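See structure below.
What follows draws every value from the coordinates through simple rules; no lab data is involved. Note that the coordinates shown come from a computational prediction; the quantities given were computed from them, not determined experimentally. All Cβ positions, even for glycine, are placed from backbone atoms using ideal geometry, and neighbour counts span all protein chains on display.
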Amino acid sequence: MDVLAEVLRVSGARGALGVMLKAGGTWGLRLDSSPGAALHVVSRGTMWLHVPGEKPLQVQAGDAILVSPGTAHGIAGGAGVTMGSCDREAAARSFGDGRALRLGSAPVQTEVIVLHYEQDPEVRTPVLTSLARPMHVTARENAQLRRTAGLLAAELAQPQIGTTAAINSIVDLLLVQFVRAWLARHPQEQSGSWLGAMRDPVVRDALACVHAQPEHPWTTETLAAATRVSRATLSRRFRSALGQTPGAYVTQWRIDLASVRLRDTDEPVESISGAVGYGSPHAFSRAFRRARGTAPGEYRSRLRQ
């Protein structure tokens, strides 16, 4: 079971906004915090990432950097540049007509693909939100990133039928390639994050069981048996990797799946409850209300309004 692939399938890119930024001279752009993650891929020149409270980080051609959701940051042509606010209307126009967003003065020295990546808001499994610091992958660490970024740049430059769907798919591919490189090269930065949990074979195997069969009546005991470790070992390593118990994670993922199905399908609540592992609609409704603060039927109605 490819757990990352499954989570991205359920919570894949939603409304990814991408623009090609071309800049020269003295320039800086402040990007306010937002619910989605920001992915910056430098295709030419050098960019500096500014995050409050941290030293500016130099990002060179071929490098990519992922900033976790809700993190205020800025990008600039230098380490000590005063940054201006992002013109969201201009960015939206650039996304719509394929023209690059220009900053600073001629000649162009730096080109950056700026992406705003939003996961499905109904999915609360913290794949990206638990990252404590920006993730930086250099061109040396993954050449595939640069080739995929080229596909994205071409799609952004010539918007046409299906461009939004194409960009969403390419962004998901970029994320997979990005995560592969980061996991391989930066094990010291993974502690306490969902992505870092993939490095622990016991936790990874337990997650694979949950995601392959969310409808199975999983308990800490049955997950421990499936991964061939003791209950105490699984509980300890799961909490160390993800900060929660196996049972809490199972419930969280089931509620995520149910929330998406309530929004996107007309399936009866009774069918959804069984599909995500609850023995009765009453048990499902009770668990759903604890997690989302409202009954499943009311939740569906509110989303569709």
* Work from the charge dipole of the chain (Cβ charges, +1 for Lys and Arg, -1 for Asp and Glu, about the Cα centre) and give the residue of Val210, Ala241, Ser301 farthest towards its positive end. => Ala241
* Asked: Given 0.36 nm per residue, what is the gain on full extension from Arg140 to His282 after removing their alpha carbon distance, in nm?
  -> 45.8 nm
* Kindly list the residues of the range 201-228 that lie in the label zone of Gln244, defined by a backbone N under 19 Å from the point 7 Å along the Cα-to-C-beta vector. => 202-224
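To the nearest 0.05, what FRET efficiency results for Gln109 and Ala5 with a Förster distance of 30 Å applied to their C-beta separation? Before the final figure, lay out each step's value.
On the way: r = 38 Å, r/R0 = 1.26.
Here the calculated transfer efficiency is 0.20.
Give the Kirkwood hydrodynamic radius (Å, one decimal) of the range 133-283, defined as one over the mean of 1/r across all pairs of different Cα atoms. Please list the in-between numbers first.
Working: mean 1/r = 0.0553 Å⁻¹.
Kirkwood hydrodynamic radius for the range 133-283: 18.1 Å.
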* Nearest 10 degrees, 0 to 90: helix 281-292 Cα axis against the chain principal axis -> 30 degrees
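Okay, helix-only estimate at 222 nm for the chain: each DSSP H run of n ≥ 4 adds -39500 (n - 2.57), divide by all residues, round to 500 deg cm²/dmol; what do you get? Can you show the working numbers first?
Working: 12 runs with 140 residues, N = 305.
It comes out at -14000 deg cm²/dmol, rounded to the nearest 500.
Starting from the coordinates of the alpha-carbon atoms of the range 210-305, obtain the Kirkwood hydrodynamic radius over all distinct pairs and give the value in Å to one decimal.
14.1 Å is the Kirkwood radius here.
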* **Debye intensity ratio I(q)/I(0), log10, the range 199-252, q values 0.19, 0.29, 0.30 Å⁻¹ (C-alpha model)** => -0.52, -1.31, -1.41
* Using unit Cβ charges (K, R positive; D, E negative) and no other charged atoms, how large, in debye to the nearest 20, is the dipole of the chain about its Cα centre? -> 520 debye
* **Cα centre as origin, Lys/Arg/Asp/Glu Cβ charges: the range 229-268 dipole, Debye** => 440 debye
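Where in the range 76-185 are there trypsin sites (Lys or Arg not before Pro) that are in a DSSP coil and have at most 14 other Cβ atoms within 10 angstrom of their Cβ?
Numbers: sites: Arg88, Arg93, Arg99, Arg102, Arg124, Arg140, Arg146, Arg147, Arg180, Arg185; in loops: Arg99, Arg124, Arg140.
Filter output for the range 76-185: Arg140.
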* Taking the Cα centre of the range 254-305 as origin, work out the dipole magnitude from +1 charges on Lys and Arg Cβ and -1 charges on Asp and Glu Cβ, in debye rounded to 20. => 260 debye
* Asp264 versus Arg204, label points 7 Å from Cα toward the beta carbon: distance in nm? -> 2.6 nm
* Comparing Thr294, Thr71, Thr125, which has the greatest mean-square fluctuation in the GNM of the chain with Cα pairs linked when under 10 Å apart? -> Thr294
* Taking only the alpha-carbon positions of the range 38-102 and ignoring solvent, what does the Debye formula give for the base-10 log of I(q)/I(0) at q = 0.15, 0.20 Å⁻¹? -> -0.53, -0.94
* To do: Quote the Stokes-Einstein diffusion coefficient, in whole µm² s⁻¹, for the range 28-172, based on the Kirkwood radius over alpha carbon pairs, a temperature of 4 °C and a viscosity of 1.567 mPa s.
  => 82 µm²/s
* To do: Treat the range 75-155 as a sphere of radius equal to its Kirkwood radius over Cα pairs and apply Stokes-Einstein at 20 °C in a medium of 1.002 mPa s; give the translational diffusion coefficient in µm²/s, rounded to a whole number.
  => 134 µm²/s
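Which value, in nm² and rounded to one decimal, describes the direction-averaged projected area of the C-alpha convex hull of the range 244-293?
Values: hull surface 13.1 nm².
Reported value for the Cα convex hull: 3.3 nm².
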* To do: Sort largest first and round to whole Å: the equivalent ellipsoid semi-axes of the chain, each the square root of five times a Cα gyration tensor eigenvalue.
  => 38, 23, 16
* For helix 246-264, what angle does its Cα long axis make with the longest principal axis of the chain, in degrees from 0 to 90 and rounded to 10? -> 70 degrees
* Asked: In degrees between 0 and 90, to the nearest 10, how far off the longest principal axis of the chain does helix 163-185 point, with axes built from Cα atoms?
  -> 80 degrees
* Structure fact -> Given Cβ charges of +1 for Lys and Arg and -1 for Asp and Glu, the option among Asn168, Ala157, His40 whose Cα lies farthest towards the positive end of the dipole of the chain is His40
* Structure fact -> Mean-square fluctuation maximum in Gaussian network of the chain, Cα pairs under 10 Å, restricted to Ala206, Ala37, Ala248, hits Ala248
